[in-house]
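These notes concern the structure reproduced below.
The values are calculated or read from the model by the stated rules, or taken from the named source; none is laboratory data. In this text, all values refer to a predicted model and were calculated from it rather than measured experimentally. Neighbour counts run over all protein chains shown; Cβ positions are idealised from the backbone, glycine included.
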Amino acid sequence: MRTTKSNRINVLDFSKHTGLDEERVISGFLHASRLGLFDLTWNVLCPGCGGVLDAHSTLKSLRHDDYHCGLCACGYEASVDEQVEVAFTVSARIRRIAAHDPTTLPLWEYFKQIFWSSGVDLNRESFESLTEEVTLDALELAAGEKAQLSLQLPPHFVIVFEPVTHSTQFIDVQGEPTRERQQLSLIYNKAHAPVGTMVMRPGPLRLSLDNQAGMRVLPTAFIAAEALHQLIGKRKPFLTAKRMLSNQTFRDVFKADNLNIDQRLKITSLTFLFTDLKGSTALYERVGDPAAFDLVRAHFHALLEIISSEKGAVHSLVRSCGVETSKTRSERVGARGSSRRC
Ligand SMILES: [Zn+2]
């Protein structure tokens, strides 16, 4: 695996590129994480730009709300359906990679490896030319440093975004071009400052930056035009928290990490299938406990195989009943159709 590929591995992408079965790949990475080869993270994504708003090491630590994307100026409630990504990073104990120390990553590597999620389909060929086209200017500012940028504002909306603190300043550039130098000062600190919008005219701007965040920041002035959409507008499938909730290996291997009842995370759809072995009490009475137990066990064995082949997971088995989840209705219908055969 190349270094950049060892950070936030998109396992669905991995499966596609290696030709290995998705479910087996997910299982393999989960077992490897359990053994300490990978660190598993639950990343809350912005549905607008695909940025990672927060990364958690356990499912339990996900909060249900107050995630805010500065770049898109929107607040989100975390929905585990499509908005929480499960990604795998090689453990620092196994091999150190640059992403283990994000403050050392060059600006665009920081955007690629830390800010944007594994679901943003960045085009390798056009990445450099597109970033050049969308970026008015960008710089690295160490903790405590101040700097000034001289920009020439184009007749387009401009976003000054800082991906470490997620601070954003919008500049609504409109009106007649001016030759007079316009001024704007931005201070970065640990608090997520509210996103502001300034109206300015096309022409020169002196941007004064003051880093009081106590860590390196990477202020970047983007031109919000078509090229920005081309750069980050394409998506690819990624492993969602919802799929993980319906994964048998996850349920078996990470038993302790499950949602708490008071987490109140938004799940817009998750299918539960309840099964019951009709007349099981009468069966136990008719054939006796040992024979009936063997039959029920054979029934569960067949049921578990079908559930696993339909990408579902078993939540509990009680004497002759089962509860199973699948992430989509069609998989559940498939499981039900198959279970008729047993
Ligand atoms: Zn966003």
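Does Ser150 fit the bill of being surrounded by fewer than 18 Cβ atoms within 10 Å (Cβ to Cβ), without any contact (Cβ under 8 Å) to a residue 60 or more places away in the chain and within 18 Å of His229 (Cα to Cα)? No; evaluated as a whole, the condition is false for this residue. Mind checking whether some residue in region 79-89 is aromatic (Phe, Trp, Tyr) and away from the ligand (no atom under 16 Å from the Cβ)? Scanning region 79-89, I find at least one residue that is aromatic (Phe, Trp, Tyr) and away from the ligand (no atom under 16 Å from the Cβ), so the answer is yes.
If a residue must be under 22 Å from His229 (Cα atoms) and surrounded by fewer than 17 Cβ atoms within 10 Å (Cβ to Cβ), how many such residues does region 51-71 contain? Within region 51-71, residues that are under 22 Å from His229 (Cα atoms) and surrounded by fewer than 17 Cβ atoms within 10 Å (Cβ to Cβ) number 0.
Number of residues in region 110-130 that are assigned to a loop (DSSP other than H, G, I, E, B) and over 19 Å from the mean Cα position of the chain (by Cα): the value is 3. Whenever a residue of region 25-36 is free of Cβ contacts under 8 Å to residues at least 40 places away in the same chain and in the same structural domain as Asn10 (by TED's automatic domain parsing), its partners that are β-branched (Val, Ile, Thr) and crowded, with 16+ Cβ neighbours inside 10 Å, lying with C-beta atoms within less than 6 angstrom and at least six residues away or across chains, give the pairs Val25/Val11.
Restricting Ser117, Ser79 to residues that are under 23 Å from Leu12 (Cβ atoms) and in contact with a Gly (Cβ under 6 Å, 6 or more places away or on another chain) narrows the list to Ser117. Residues that are out of contact with any Cys (no Cβ under 7 Å at 6 or more places or on another chain) and closer than 14 Å to Glu85 by Cα number at least 3 in the following strands (runs of 3 or more DSSP E) confined to region 9-74: 38-45, 52-56.
Thr89 meets the conditions (1) among the β-branched types (Val, Ile, Thr); (2) within 13 Å of Lys5 (Cα to Cα); (3) not assigned by TED's automatic domain parsing to the domain that holds Asn7 in every case but one. The failed one is (3). Of the strands (runs of 3 or more DSSP E) entirely within region 244-342, those holding at least 1 residues that are modelled with pLDDT under 65 and closer than 30 Å to His64 by Cβ occupy 313-318, 321-326.
Residue by residue, here is whether (1) loosely packed, with under 12 Cβ neighbours inside 10 Å; (2) out of contact with any Gly (no Cβ under 9 Å at 6 or more places or on another chain); (3) under 28 Å from Lys236 (Cβ atoms); (4) at pLDDT below 95 holds:
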site: Arg93; (1), (2), (3), (4): yes, no, no, yes
site: Thr131; (1), (2), (3), (4): no, yes, yes, yes
site: Glu162; (1), (2), (3), (4): no, no, yes, yes
site: Thr165; (1), (2), (3), (4): no, no, yes, yes
site: Gly196; (1), (2), (3), (4): no, yes, no, yes
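Within region 81-112, count every residue that is among the polar types (S, T, N, Q), more than 25 Å from Phe250 (Cα to Cα) and in contact with a Ser or Thr (Cβ under 9 Å, 6 or more places away or on another chain). So the count comes out to 0. Among the criteria (1) small (Gly, Ala, Ser); (2) within 30 Å of Thr104 (Cβ to Cβ); (3) part of a loop (DSSP other than H, G, I, E, B), the one Ser208 does not fulfil is (3). Screening Glu133 on (1) in a loop (DSSP other than H, G, I, E, B); (2) farther than 22 Å from Asn211 by Cβ shows it passes everything except condition (1). One residue alone among Gly48, Gly36 is within 16 Å of the ligand (Cβ to nearest atom), farther than 15 Å from Leu239 by Cα and surrounded by fewer than 22 Cβ atoms within 10 Å (Cβ to Cβ), and that residue is Gly48.
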